[in-house]
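**Student:** Dropping the structure in here first, questions after.
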Amino acid sequence: MRYIGAGFSTVGLVGSGLGIGVVFAALLLSVSRNPSLRTTLFGYAILGFALTEAIALFTLMVTFMILFI
C-alpha cells in the first residue's frame with residue numbers, strides 16, 4: 001500500500017509540469033504582444049517558474065517521506 005500511495009502522490013508533478021508550461025506560454029504570448037516589456041515580463045516568468053517548481057519539490061518530498069519513513 002505504501003508504494004501505491006507514493007505513486008498517487010506523484011500526480012502533483014503532472015500539475016507542476018503543466019503549470020510551468022502555462023507560465024512560459026504566457027510569457028511568449030505577452031512578449032509577442034508587447035516586446036518592449038520583455039525584461040520585466042521575464043522576471044515575472046522566472047518568479048512564476050520558481051513558485052511552481054517549489055510545488056513540485058514539495059510533492060517529491062511527500063513521496064519520499066511516504067516511501068522511506
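Nothing in this text is a laboratory measurement; each read-out follows from the coordinates by a stated rule. From a predicted model like this one, the values you see are computed outputs, not experimental measurements. We place every Cβ from the backbone using ideal geometry, glycine too, and count neighbours over all the protein chains shown.
**Student:** Restricting attention to the stretch 1-21, and to residues there that are among the aliphatic types (A, V, I, L, M) and loosely packed, with under 12 Cβ neighbours inside 10 Å, which single residue is farthest from residue 64 (Cα to Cα)?
**Tutor:** 18
**Student:** Is the stretch 38-45 home to any residue that is among the aliphatic types (A, V, I, L, M) and either in contact with a His (Cβ under 9 Å, 6 or more places away or on another chain) or exposed (fewer than 11 other Cβ atoms within 10 Å of the Cβ) (or both)? Steps first, please.
**Tutor:** Of the stretch 38-45, the ones among the aliphatic types (A, V, I, L, M) are 41, 45.
Pick out the ones that are also either in contact with a His (Cβ under 9 Å, 6 or more places away or on another chain) or exposed (fewer than 11 other Cβ atoms within 10 Å of the Cβ) (or both) and you get none.
No: the stretch 38-45 contains no residue that is among the aliphatic types (A, V, I, L, M) and either in contact with a His (Cβ under 9 Å, 6 or more places away or on another chain) or exposed (fewer than 11 other Cβ atoms within 10 Å of the Cβ) (or both).
Residue-wise test of (1) assigned to a helix (DSSP H, G or I); (2) in contact with a Phe, Trp or Tyr (Cβ under 7 Å, 6 or more places away or on another chain); (3) without any contact (Cβ under 8 Å) to a residue 12 or more places away in the chain; (4) polar (S, T, N, Q).
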| site | (1), (2), (3), (4) |
| --- | --- |
| 19 | yes, no, no, no |
| 32 | yes, no, yes, yes |
| 41 | yes, no, no, no |
| 47 | yes, no, yes, no |
| 51 | yes, no, yes, no |
| 57 | yes, no, yes, no |
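**Student:** Hey, another quick one. Quick one: would you say residue 8 is free of Cβ contacts under 8 Å to residues at least 12 places away in the same chain and either in a helix (DSSP H, G or I) or polar (S, T, N, Q) (or both)?
**Tutor:** In short, yes.
**Student:** Of all residues in the stretch 2-45, which are more than 11 Å from the chain's Cα centre (by Cα) and aliphatic (A, V, I, L, M)?
**Tutor:** Scanning the stretch 2-45 gives 4, 6, 11, 25, 26, 27, 28, 29, 31, 37, 41, 45.
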